[in-house]
Amino acid sequence: MDKTAHLVFYPLMKLPGPFDIHRVIEAEGAFRPPGFIFPDATPEVFAACKVASDPRLYNADTDRLVMSFHSIVVRTERNNILVDTCVGNDKNRPELPEWHLLNGPYLKDLEATGTPAEAIDYVLCTHLHADHVGWNTRLVDGRWVPTFPNAKYIMARKEVEYWEQVRNNNDEEANHRSWDDSVQPIIDANQAVLVDDQYEIETGVQLVPAPGHTPGNVMLSVDNGKERAFIIGDTMHHPVQVEHPEWSSRFCWDSAISRKTRYKFLETMADSGTYVLPAHFATPTAARIFSTAEGFDFEMMDT
């Protein structure tokens, strides 16, 4: 395992878009070389990309993509919604040193947004990879218990059924053991709500299917009638995929379906003014998509 990544803890930040949106950052920094994340990213092609000259997005000294691991909090007039829950503290991930037995200030940072754990009404897992479900639970007296005691944990039915099958049909632990320590305890606590992939949490806040990265991967559309944002999880991992939508990550369940979903999404977002809020775009995270003669371009949006 590559131990040369340089992830550090960052404070929370506010994001543009409808309602009141904040990012709670578990870690951010130079993570992996482009070709590790995207097998099709040859050095020659990557060097010609816009992101290659942007130090916010690529560390040329170490040849590593700058990436973030964060949650997104959406506060509407009715609900506090937490989208994706990062890696989590105390999780046993020996294959991934950057994730192994973390002890970070995530819950304090979440509380600083005005939404302590007890105030979260919904947790949405866009998919069930280990870096999106970790803070679903916390370790209390040797047991994994729900971190958000008053929340309903929204999970796409297709996603849960897929990973449950993986867990039951393999001797190895599913998703770096995250099913057992971060998903099954939520199901056992009767806080999981399995939904169709177009489920509406409230008016203007609706799931949108985005298969490919995983079978049941979803995005969240948030629209207050004035502004719109898409919280897209891992539908895109890095802004370089705006320039090269054909590049699926090595972590995608089906690279062809992921590619098709990404092209469709970019075509829908282009020139619409919609804020795009992915799970791993580094600071400032929010982007807008534009069409070009060659394909697509992006602008990173500061608050």
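For VAL87, the stated conditions hold: it is in contact with a strand residue (DSSP E or B) (Cβ under 9 Å, 6 or more places away or on another chain), buried (at least 22 other Cβ atoms within 10 Å of the Cβ), outside any strand (DSSP E or B) and not charged (D, E, K, R). Of the helices (runs of 4 or more DSSP H) contained entirely in the stretch 173-276, those carrying at least 1 residues that are more than 15 Å from VAL74 (Cβ to Cβ) and of a type in the set (Phe, Trp, Tyr) fall at 255-269. From the residues in the stretch 269-303 that are β-branched (Val, Ile, Thr) and touching a strand residue (DSSP E or B) at 6+ places or on another chain (Cβ under 9 Å), which one is farthest from ALA41 (Cα to Cα)? Looking at the filtered set, the residue picked out is THR303. Do we have ASN170 as at positive phi and either at pLDDT below 95 or hydrophobic (A, V, I, L, M, F, W, C) (or both) here? So ASN170 does not fit the description; no. Listed conditions (1) free of Cβ contacts under 8 Å to residues at least 24 places away in the same chain; (2) under 22 Å from LEU57 (Cα atoms); (3) of a type in the set (Val, Ile, Thr) are all met by THR274, apart from (1). Please work out if PHE230 is under 28 Å from MET155 (Cβ atoms) and either of a type in the set (Asp, Glu) or crowded, with 23+ Cβ neighbours inside 10 Å (or both). Judged against the criteria, PHE230 is a match.
Which residues, taken from the stretch 71-124, are farther than 14 Å from VAL24 by Cα, free of Cβ contacts under 8 Å to residues at least 40 places away in the same chain and touching an Asp or Glu at 6+ places or on another chain (Cβ under 8 Å)? LEU101, ASN103 - these are the residues of the stretch 71-124 that are farther than 14 Å from VAL24 by Cα, free of Cβ contacts under 8 Å to residues at least 40 places away in the same chain and touching an Asp or Glu at 6+ places or on another chain (Cβ under 8 Å). Residues considered: VAL66, VAL51. Of these, the only one that is part of a strand (DSSP E or B) and either touching a residue at least 60 places away in the same chain (Cβ under 8 Å) or not acidic (Asp, Glu) (or both) is VAL66. Across the stretch 124-149, the number of residues qualifying as farther than 18 Å from TYR162 by Cα and assigned to a strand (DSSP E or B) comes to 8. Taken over the stretch 242-261, the residue count meeting the criterion of being over 16 Å from THR126 (Cβ atoms) and of a type in the set (S, T, N, Q) is 2. Please go through the stretch 77-116 and pick out each residue that is modelled with pLDDT of 95 or more and farther than 20 Å from ASN136 by Cβ. Scanning the stretch 77-116 gives a single hit, ARG78. Considering the stretch 69-84, and only residues there that are under 23 Å from the mean Cα position of the chain (by Cα) and assigned to a loop (DSSP other than H, G, I, E, B), the residue that is surrounded by the most Cβ atoms within 10 Å (Cβ to Cβ) turns out to be ASP84.
Kindly indicate whether TYR162 is farther than 15 Å from GLU26 by Cβ and touching a strand residue (DSSP E or B) at 6+ places or on another chain (Cβ under 7 Å). When the stated conditions are applied, TYR162 does not pass them.
Every residue, every condition in (1) surrounded by fewer than 22 Cβ atoms within 10 Å (Cβ to Cβ); (2) closer than 17 Å to VAL218 by Cα; (3) of a type outside the set (A, V, I, L, M), yes or no:
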| site | (1), (2), (3) |
| --- | --- |
| PRO239 | no, no, yes |
| LYS260 | yes, yes, yes |
| ALA270 | yes, no, no |
| TYR275 | no, yes, yes |
| PRO278 | no, yes, yes |
| PRO284 | yes, no, yes |
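The values are calculated or read from the model by the stated rules, or taken from the named source; none is laboratory data. Every value quoted in this text rests on a predicted model; they were computed, and no experiment measured them. Neighbour counts run over all protein chains shown; Cβ positions are idealised from the backbone, glycine included.
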